[in-house]
Amino acid sequence: MNKTRYNRIVLKLSGEALSGEEGFGIEPSIIQSVAQQIKDVAELGVEVAVVVGGGNIWRGKVGSQMGMDRANADYMGMLATVMNSLALQDSLENIGIPTRVQTSIEMRQVAEPYIRRKAMRHLEKKRVVIFAAGTGNPYFSTDTTAALRAAEVEADVILMAKNNVDGVYTSDPKLNDDARKYDRLSYMEVLNEGLGVMDSTASSLCMDNDIDLLVFSIMEEGNIKKAVLGEDIGTLVRGK
């Protein structure tokens, strides 16, 4: 068995990463590919937790721009993450990976409520745990959810899988041909330079709790496994 760099990970997936070129909804081939990549990692003995965004279905900021109450718009976004989480759970279980969805907003008919000790027990039993419905509070992003859950379950790293870039750059590489990719960064550099890797709340939470963050592309098959094995991909962000 290959030696892994990390024993327990939180994989952060954007909702848009599941939509493919359509930009909306769930592309079956994409979610099946993500599930297979998670399976490859789980079979190495790594304990895997996942946080999925909901931007492929609904974005709270769009609702606010429409004149909706911000809290209501954010709650709709949380429900969108539950839909994505259930779809990912189904894809994982179809290929033989035991999975549990835990939600911050209680909905017992479809998922377990989030209970930290129970989540950790699932991970110890090598079940993939998907954290849905954000933190359960408006005004907080799924980036913050990933940072919070990583701290709570004592994860070794957050793997932030992107569908449009393969790391952190000095500026948007699609708009600036001179954009330079970082191999290593500190959270203080991320915050001071406004690099937008994750929102400032999530970055501060990771920095304060000494949680590593690896930003990489999900579009290249096998990248999650490469990240877990410690191969040189993406951009590593650390506390110092």
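The values are calculated or read from the model by the stated rules, or taken from the named source; none is laboratory data. Since the structure is predicted, the reported quantities are computational estimates derived from the model, not experimental observations. Note: ideal-geometry Cβ built from the backbone for every residue, glycine included; neighbour counts use all protein chains shown.
With more than 21 Å from Gly45 (Cβ to Cβ) and outside any helix (DSSP H, G or I) as the only criterion, which of Asp143, Asp232 stands out?
Working: Asp143 fails: outside any helix (DSSP H, G or I).
Just a single option satisfies the conditions, and that option is Asp232.
Can you pull out every residue in region 189-215 that is in contact with a helix residue (DSSP H, G or I) (Cβ under 9 Å, 6 or more places away or on another chain) and either of a type in the set (A, V, I, L, M) or in a strand (DSSP E or B) (or both)?
Hits for region 189-215 are Val190, Leu191, Leu195, Val197, Met198, Ala202, Leu205, Met207, Ile211, Asp212, Leu213, Leu214.
Every residue, every condition in (1) out of contact with any Gly (no Cβ under 6 Å at 6 or more places or on another chain); (2) of a type in the set (Asp, Glu), yes or no:
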residue: Ala80; (1), (2): no, no
residue: Ser91; (1), (2): yes, no
residue: Asn94; (1), (2): yes, no
residue: Ile105; (1), (2): no, no
residue: Lys125; (1), (2): yes, no
residue: Val128; (1), (2): yes, no
residue: Phe131; (1), (2): yes, no
residue: Asp143; (1), (2): yes, yes
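Quick check on this structure: which one of Ala147, Ala155, Ala151, Ala179 is in contact with a Cys (Cβ under 7 Å, 6 or more places away or on another chain), among the small types (Gly, Ala, Ser) and farther than 22 Å from Ala87 by Cβ? First the steps, then the outcome.
Details: Ala155 fails: in contact with a Cys (Cβ under 7 Å, 6 or more places away or on another chain); Ala151 fails: in contact with a Cys (Cβ under 7 Å, 6 or more places away or on another chain); Ala179 fails: in contact with a Cys (Cβ under 7 Å, 6 or more places away or on another chain).
Unique residue meeting the criteria: Ala147.
Of these, Met78, Met68, Met83, which one is closer than 15 Å to Thr142 by Cα, surrounded by fewer than 20 Cβ atoms within 10 Å (Cβ to Cβ), out of contact with any strand residue (DSSP E or B) (no Cβ under 6 Å at 6 or more places or on another chain) and aliphatic (A, V, I, L, M)?
Numbers: Met78 fails: surrounded by fewer than 20 Cβ atoms within 10 Å (Cβ to Cβ); Met68 fails: closer than 15 Å to Thr142 by Cα.
Exactly one of Met78, Met68, Met83 is closer than 15 Å to Thr142 by Cα, surrounded by fewer than 20 Cβ atoms within 10 Å (Cβ to Cβ), out of contact with any strand residue (DSSP E or B) (no Cβ under 6 Å at 6 or more places or on another chain) and aliphatic (A, V, I, L, M), namely Met83.
Hey, can you tell me all the residues within region 1-28 that are basic (Lys, Arg) and in a strand (DSSP E or B)? Don't jump to the end; show me each part of the working.
Restricting attention to region 1-28, the residues satisfying the condition of being basic (Lys, Arg) are 3, 5, 8, 12.
Across region 1-28, the qualifying residues are Arg8, Lys12.
One residue is enough: does region 139-149 have a residue meeting the conditions closer than 28 Å to Glu21 by Cα, without any contact (Cβ under 8 Å) to a residue 24 or more places away in the chain and in contact with a strand residue (DSSP E or B) (Cβ under 8 Å, 6 or more places away or on another chain)?
Scanning region 139-149 turns up no residue that is closer than 28 Å to Glu21 by Cα, without any contact (Cβ under 8 Å) to a residue 24 or more places away in the chain and in contact with a strand residue (DSSP E or B) (Cβ under 8 Å, 6 or more places away or on another chain).
For Asp40, are the conditions met, namely being part of a helix (DSSP H, G or I), within 18 Å of Ala161 (Cα to Cα) and over 16 Å from the mean Cα position of the chain (by Cα)?
Details: part of a helix (DSSP H, G or I): yes; within 18 Å of Ala161 (Cα to Cα): yes; over 16 Å from the mean Cα position of the chain (by Cα): yes.
Answer is yes for this residue.
Regarding Lys181, is this residue surrounded by 16 or more Cβ atoms within 10 Å (Cβ to Cβ) and under 25 Å from Glu231 (Cα atoms)? First the steps, then the outcome.
Working: surrounded by 16 or more Cβ atoms within 10 Å (Cβ to Cβ): no; under 25 Å from Glu231 (Cα atoms): yes.
No; evaluated as a whole, the condition is false for this residue.
Hey, among the residues in region 1-29 that are among the aliphatic types (A, V, I, L, M) and under 15 Å from the mean Cα position of the chain (by Cα), which one's surrounded by the fewest Cβ atoms within 10 Å (Cβ to Cβ)? Give the steps one after another, and end with the answer.
The first filter runs over region 1-29 and keeps only residues among the aliphatic types (A, V, I, L, M), leaving 1, 9-11, 13, 17-18, 26.
This time we only want the ones that are under 15 Å from the mean Cα position of the chain (by Cα), so: 9-11, 13, 17-18.
On the way: Ile9: 27, Val10: 29, Leu11: 26, Leu13: 28, Ala17: 24, Leu18: 28.
Among residues in region 1-29 that are among the aliphatic types (A, V, I, L, M) and under 15 Å from the mean Cα position of the chain (by Cα), the one surrounded by the fewest Cβ atoms within 10 Å (Cβ to Cβ) is Ala17.
Quick one: how many residues across region 116-155 are touching a Phe, Trp or Tyr at 6+ places or on another chain (Cβ under 7 Å) and modelled with pLDDT of 95 or more? Give the derivation first.
Residues of region 116-155 touching a Phe, Trp or Tyr at 6+ places or on another chain (Cβ under 7 Å): 131, 134, 138, 145, 149.
Those still in the list that are modelled with pLDDT of 95 or more too: 131, 134, 145, 149.
Result for region 116-155: 4.
Select from region 37-75 the residues that are farther than 21 Å from Ser19 by Cα and touching a Phe, Trp or Tyr at 6+ places or on another chain (Cβ under 8 Å) and list them in ascending order.
The answer is Val46, Arg70, Ala71.
Report, ordered by the first and then the second residue, all pairs with beta carbons closer than 6 Å, sequence separation of six or more or different chains, a first member in region 100-125 that is more than 15 Å from Glu154 (Cβ to Cβ) and in a helix (DSSP H, G or I), and a second member that is of a type in the set (Asp, Glu) and modelled with pLDDT of 95 or more.
none
Quick check on my filter: what residues within region 33-47 are among the polar types (S, T, N, Q) and at pLDDT 95 or above? Give the steps one after another, and end with the answer.
Of the residues in region 33-47, the ones among the polar types (S, T, N, Q) are 33, 36-37.
Listed by number, the residues that qualify are Gln36, Gln37.
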